[in-house]
Amino acid sequence: MGTWQDVRYGARGLLKSPGFAAAAVLVLALGIGANSAIFSVVNAVLLRSLPYQNPERLVWVGGNIRGGNPRASVSPPDFLDYRAQNNSFEEFAASTSIPVPLNLTGAGEPERLTGSVVTTNYFRAFGVKPLVGRTFNPEDERTVSSAPAVVLSHGLWQRRFGADPAVVGKSVLIDGKSATIIGVAPQSFQYPAGTEIWAPLSFDNPEMKVRRAHFLRPVGLLKPDVTLAQAQAEMDVIAGRLEQQYPDSNTKWSLNLVPLQEQVVGNVRASLWVLLGAVGFVLLIACANVANLMLARATARHKEIAIRTALGASRARVVRQLLTESLLLSLLGGALGVLLAVWSVDALVALAQGIVPRAAEIGVDSRVLGFTLAVSVLTGAIFGLLPALRASKPDLNEVLKEGGRSSVGVRHGRVRSSLVVAEVALALMLLVGSGLLIRSFVGLQRVNPGFEAENVLTLRLSLARAKYPKAEQAAAFFDQLQQRVAALPGVVAVGTVSELPLSGQPNDNYFTIAEHPPQDARQQVTADFRRANHDYFRAMSIPVLRGRPFTEQEARADAKVVVINETLATTFFPGEDPLGKHLVIDTGAPTQFEIVGVVGDVRHRSLEQGVYQMMYVPSLQVGNNNLVIRTASNPAGLAAAVRQQVAAIDRDQPVSAIRTMTDVLSESVGQQRFRTMLLAAFAAVALVLAAVGIYGVISYSVTQRTHEIGVRMALGAQRRDVVRLIVRGGLALTLLGVALGLAGSFALTRVMSGLLFGVSATDPATFAGITALLTSVALLACYLPARRATKVDPMVALRYE
């Protein structure tokens with residue numbers, strides 16, 4: 001009963017002070033809503049289990065080259081040996097390590113699909129039940145050569161087949177060959193990410209017998225009683241056995257086991273926790289602001305509280321009443337914060353799409369609502385407890401006489417000043433973190449990728465083997481397309497390349513140097529391997545530093561010449577001219593290529609990673625190719641014309657991934673942009689809230705010191721003296737907050753060091769610039785009430801009570 005009375009009394013009190021209530025609720029809604037929105041991302045991406053059966057037992061498996069890459073692919077023969085010899089996994093499945101482009105034709109417009117070729121137990125490993133039809137069984141593996149079975153993704157089923165259940169059993173043309181649709185995967189299953197169609201993997205093909213060819217990505221389901229460490233130990237034993245059996249291919253090779261969830265979200269984990277910590281700081285600053293509002297309100301109500309105390313109200317009873325009002329404010333702020341979170345989640349999903357894994361799962365669910373309620377209650381306690389405790393112990397003798405207001409104001413003024421110092425410190429830490437990320441992102445964008453991205457259009461073409469079974473046929477298609485596109489108005493150069501820079505299309509091959517063969521033939525190294533035509537370097541504006549690029553005849557004839565990048569030249573030919581030397585490249589069989597040119601380094605993998613050695617060989621005979629078109633201007637406007645030229649050669653040939661190279665470059669830094677934009681936004685909010693807090697305290701101080709200011713001015717103080725007096729007090733609080741904030745920043749920014757590029761976590765320029773910015777804003781916040789103080793009429797101020 002008493003609690004309900006407190007609620008009603010508190011509600012009436014807030015209604016009597018609508019300005020105070022509105023300001024407090026809005027500030028809290030901003031802090032709580034931001035926390036709820038970011039928590040919805042953390043919840044969906046990091047905290048929620050993967051939407052598969054037994055997700056805690058799913059393991060991602062990478063090939064581990066001792067002393068090198070622990071995330072490599074696995075060869076088919078090795079995969080079969082590991083699957084046959086292990087006792088740790090209930091299911092040991094695999095897919096191709098990179099998406100397989102598959103062309104869907106025969107019904108409607110041709111469409112390029114992102115496919116995955118998987119072992120027939122792949123769906124069983126994930127515990128996936130089909131939405132319609134069935135998934136693969138061992139028999140499907142044996143029928144691949146005749147009429148392969150395929151499973152559609154939920155999205156493809158809806159988009160292309162109108163969600164018709166009768167699609168099961170129908171035949172479609174995949175890469176020009178008939179395939180039978182046997183089922184549809186549920187909406188929750190899309191692994192590997194982006195897969196639109198799954199086809200069964202056959203181990204009967206000749207390429208599946210090569211132990212040196214690594215292109216499978218295993219995934220395993222641990223048995224219920226087996227730990228990850230036990231499975232890793234067993235795989236190490238099997239790896240040692242294979243190394244002894246096959247020393248030419250398996251020396252230094254093993255497997256690296258990682259929980260699947262860690263593999264899926266590991267690259268964004270640090271960023272999301274940093275963002276959640278940042279909005280936590282925003283909420284603390286909001287709490288400090290509202291606590292200051294509560295203290296100001298408590299000062300205005302000191303006589304009311306004193307009278308209630310004098311009439312017998314206990315201190316606990318007064319604290320309970322004041323805390324009830326705080327909780328009412330925080331719950332109202334939380335309710336409005338949920339609305340802000342729901343609105344902002346849609347924007348976050350749009351911003352995170354293609355950048356943050358599991359972005360489609362982000363939303364406001366029961367866990368987010370529970371988090372919001374908990375944060376609201378905790379927030380009410382944080383900002384309400386101190387003002388309640390301070391206000392609940394009045395000095396009755398002082399309060400009930402005329403001068404009481406001053407003593408209470410002084411007491412509360414110290415607390416309010418402490419809260420402002422905390423606000424400044426927190427805002428500075430957040431601003432420094434944001435400043436470091438902004439400098440890092442700006443530095444990243446200034447990195448020279450090794451090519452000119454302006455005025456370049458790219459697109460992806462995948463020729464069906466059934467329609468172009470011979471390499472000469474594929475070469476003829478691309479040769480004709482290049483001539484047609486080169487004749488279009490505004491086209492400067494047309495190149496082709498097997499893997500496009502910064503597009504997430506990897507490919508590396510082993511090589512040795514013929515003139516310097518290793519002492520042990522097994523001691524080979526890898527380099528990024530690209531097949532390109534003679535005009536690729538001109539189309540991408542990659543400089544030829546020495547020698548020459550390919551000739552058109554070499555590209556047509558698939559000549560055994562190679563162009564290397566500068567990093568490979570300086571690493572493996574120090575102090576000598578690489579031109580005329582020979583690389584022995586493992587292209588299925590060791591093949592010797594003569595080095596005819598050296599070109600500039602291209603950052604193929606990412607702008608952040610260092611340049612890797614790279615080799616280019618001439619070829620038009622590639623089924624999957626990227627067309628690179630340099631134009632005089634407006635490359636995007638050329639897309640329709642290029643599509644028409646493709647259709648003129650082969651109307652069933654789909655074109656995909658049409659985008660400008662500037663878009664590719666921009667997308668490659670999407671994750672960095674995502675976290676930088678959000679942290680900068682939170683820092684800006686923190687700066688505004690801190691400025692408001694300083695302004696509020698100084699303004700309140702001016703009001704409390706009106707009598708004192710009037711006396712000073714009556715005794716001859718000039719306006720500049722009053723301004724100096726007021727600003728000096730605010731500046732002292734600011735500088736104390738800055739000192740504490742700098743100390744905290746030096747400690748906290750080290751946590752962010754892994755997110756930075758080209759800038760130190762203790763970068764002096766960032767710390768100095770942010771300190772100057774915050775101090776300047778604080779001075780402005782101090783000056784405004786100080787200027788108002790100079791307009792006090794001394795005669796009025798001397799009568800002020």
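The values are calculated or read from the model by the stated rules, or taken from the named source; none is laboratory data. Nothing here was measured: the structure is a model prediction, and the numbers come from that model. In this analysis, Cβ positions are derived from the backbone assuming ideal geometry, glycine residues included, and neighbour counts consider all displayed protein chains. For the accessible areas, the whole protein counts, side chains as well, though only heavy atoms, and no ligand, DNA or RNA atoms are used. Shrake-Rupley method; radii C 1.70, N 1.55, O 1.52, S 1.80 Å.
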### Task
Return yes when residue 642 is β-branched (Val, Ile, Thr) and surrounded by fewer than 19 Cβ atoms within 10 Å (Cβ to Cβ) and no when it is not.
no
### Summary
Considering the range 119-144, residues that are in contact with a Ser or Thr (Cβ under 7 Å, 6 or more places away or on another chain) and more than 22 Å from residue 56 (Cβ to Cβ), and then whichever is modelled with the highest pLDDT, we arrive at 136
### Summary
Over the range 574-599, the set of residues free of Cβ contacts under 8 Å to residues at least 60 places away in the same chain and not in a strand (DSSP E or B) is 574, 575, 576, 577, 578, 579, 580, 589
### Query
Of the residues 238, 174, which single one is more than 17 Å from residue 136 (Cβ to Cβ) and of a type in the set (Val, Ile, Thr)?
238
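Residue-wise test of (1) among the aliphatic types (A, V, I, L, M); (2) in a helix (DSSP H, G or I); (3) within 35 Å of the chain's Cα centre (by Cα); (4) modelled with pLDDT of 75 or more.
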residue: 690; (1), (2), (3), (4): yes, yes, yes, yes
residue: 693; (1), (2), (3), (4): no, yes, yes, yes
residue: 698; (1), (2), (3), (4): yes, yes, no, yes
residue: 734; (1), (2), (3), (4): no, yes, yes, yes
residue: 738; (1), (2), (3), (4): yes, yes, yes, yes
residue: 748; (1), (2), (3), (4): yes, yes, yes, yes
residue: 751; (1), (2), (3), (4): yes, yes, yes, yes
residue: 773; (1), (2), (3), (4): yes, yes, yes, yes
### Message
Can you confirm whether residue 25 is more than 24 Å from residue 93 (Cα to Cα) and at pLDDT 75 or above?
### Response
yes
#### Entry: Any chance residue 776 is exposed (fewer than 14 other Cβ atoms within 10 Å of the Cβ), of a type in the set (S, T, N, Q) and within 21 Å of residue 787 (Cα to Cα)
yes
### Task
State all residues of the range 56-84 that are touching a Pro at 6+ places or on another chain (Cβ under 9 Å) and either of a type in the set (Phe, Trp, Tyr) or surrounded by fewer than 16 Cβ atoms within 10 Å (Cβ to Cβ) (or both); if no residue qualifies, say none.
56, 60, 79, 82
### Task
Would you check if residue 549 is open to solvent by 50 Å² or more (accessible area, probe 1.4 Å), at pLDDT 90 or above and touching a Gly at 6+ places or on another chain (Cβ under 9 Å)?
no
### Task
Six or more apart or on different chains, Cβ under 7 Å: which pairs go from a residue in the range 549-568 that's at positive phi to one that's open to solvent by 50 Å² or more (accessible area, probe 1.4 Å)? Could you list them?
558/621
### Message
Consider the range 600-616. How many of its residues are part of a strand (DSSP E or B) and touching a Ser or Thr at 6+ places or on another chain (Cβ under 8 Å)?
### Response
1
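A quick yes/no check of all residues on (1) in a loop (DSSP other than H, G, I, E, B); (2) open to solvent by 30 Å² or more (accessible area, probe 1.4 Å); (3) within 30 Å of residue 612 (Cβ to Cβ); (4) not β-branched (Val, Ile, Thr):
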position: 473; (1), (2), (3), (4): no, yes, no, yes
position: 476; (1), (2), (3), (4): no, yes, no, yes
position: 484; (1), (2), (3), (4): no, yes, no, yes
position: 489; (1), (2), (3), (4): yes, yes, no, yes
position: 492; (1), (2), (3), (4): no, yes, yes, no
position: 506; (1), (2), (3), (4): yes, yes, yes, yes
position: 510; (1), (2), (3), (4): no, yes, yes, yes
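Take the residues in the range 525-546 that are among the hydroxyl-bearing types (Ser, Thr, Tyr) and farther than 16 Å from residue 511 by Cβ, then tell me which one is surrounded by the fewest Cβ atoms within 10 Å (Cβ to Cβ).
If we take residues in the range 525-546 being among the hydroxyl-bearing types (Ser, Thr, Tyr) and farther than 16 Å from residue 511 by Cβ, then 541 is surrounded by the fewest Cβ atoms within 10 Å (Cβ to Cβ).
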### Query
Taking the range 85-126 as the region of interest, how many residues are surrounded by fewer than 17 Cβ atoms within 10 Å (Cβ to Cβ) and either polar (S, T, N, Q) or on the phi > 0 side of the Ramachandran plot (or both)?
4
